[in-house]
Amino acid sequence: PPRDIRGVIVHPGLLDRAAQEALVRDVRTLVEAAPLFRPETRRGQKMSVRMTSAGSVGWVSDRRGYRYEPQHPAGVPWPAIPRSVLAIWDEVAGVDRQPDTCLVNFYDADAKMGMHQDRDEADLRWPVVSISLGDEALFRIGNEERGGRTQSLWLRSGDVAVLGGEGRMLHHGIDRIRAGSSDLLAGGGRLNLTLRVAGA
Ligand code: MD3
Ligand code: FE
């Protein structure tokens, strides 16, 4: 059954092994068209997570800041969001609107993501759907304001989270990956796919 952690709805093991393998194949094809890159923060620090996107726009970050752009940094359009990924949105998002972007995050054994809010989308009322594949990740959920108490939980391969309503504006991050905890990805690591409505 789904778990509700302060408005963050987690569906543990929603995706079976075959569905996870199919997603990994589709993401591999996507990454061939739009290679993973390491974004830089506004302060010029390379992030440890490697990223790319699919959809009509994709998330980029550099010294000019965080934003959605219609092209990969290499100057090519982002590939389409795979049908396999859109089908998961349709199953869990609960809204009559399709996402226009899918962010692909790849974590190697040492990657992490600091606490942040997702607020680069034009309308913050649309939910975000997150799909975890590969190694387990220690996910931390905070508050709408910075600081305060936090709750941690492990996200495992095949888990799907829906961040909507009360959960949408909470600070959150990935403290660490449990390297070697999954054999889904050859070479190890973790993939996280986040589907969003970025445009107006
Ligand atoms: C809670 N990614 O890409 S996904 C991100 O596992 C991001 O790669 C993490 O945070 C990852 O922005 C966490 C789960 C998630 C995504 C969006 C959220 C949790 C969220 C938005 C609001 C609250
Ligand atoms: Fe986020």
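Quick notes
- Within region 114-143, residues that are more than 26 Å from Ala179 (Cα to Cα) and in contact (Cβ under 8 Å) with a residue 40 or more places away in the chain have Cβ atoms under 6 Å from residues that are of a type in the set (Ser, Thr, Tyr) and more than 10 Å from ligand 2 (Cβ to nearest atom) in these pairs: Asp120/Tyr66, counting only partners at least 6 apart in sequence or on another chain.
- One residue alone among Thr29, Thr41 is modelled with pLDDT under 95 and of a type in the set (S, T, N, Q), and that residue is Thr41.
- With respect to (1) in contact with a Phe, Trp or Tyr (Cβ under 9 Å, 6 or more places away or on another chain); (2) under 20 Å from Val27 (Cα atoms), the lone exception for Asp175 is condition (2).
- Set Leu170, Leu163, Leu184, Leu124: member being over 14 Å from the mean Cα position of the chain (by Cα), near ligand 1 (Cβ under 9 Å from one of its atoms) and hydrophobic (A, V, I, L, M, F, W, C): Leu170
- Search result, residues across region 108-131 that are within 13 Å of ligand 2 (Cβ to nearest atom), in contact with a Gly (Cβ under 9 Å, 6 or more places away or on another chain) and not in a loop (DSSP other than H, G, I, E, B): Met113, Gly114, Met115, His116, Val128, Val129
- Beta carbons closer than 6 Å, at least 6 apart along the sequence or on distinct chains, pair a first residue in region 1-22 that is under 23 Å from Arg168 (Cβ atoms) and touching a residue at least 12 places away in the same chain (Cβ under 8 Å) with a second that is part of a helix (DSSP H, G or I) and of a type in the set (Gly, Ala, Ser) for Gly7/Gly165; Gly7/Gly167; Val8/Gly167.
- Residue count, region 41-68 (criterion: acidic (Asp, Glu) and either farther than 24 Å from Gly199 by Cβ or within 16 Å of ligand 1 (Cβ to nearest atom) (or both)): 0
- Residue in region 179-188 that is buried (at least 21 other Cβ atoms within 10 Å of the Cβ) and over 22 Å from Arg42 (Cβ atoms) present: no
The values are calculated or read from the model by the stated rules, or taken from the named source; none is laboratory data. Note that the structure is predicted; figures quoted are calculated from it, not measured. Note that each Cβ is placed from the backbone with ideal geometry, even for glycine, and that neighbours are counted across all protein chains shown.
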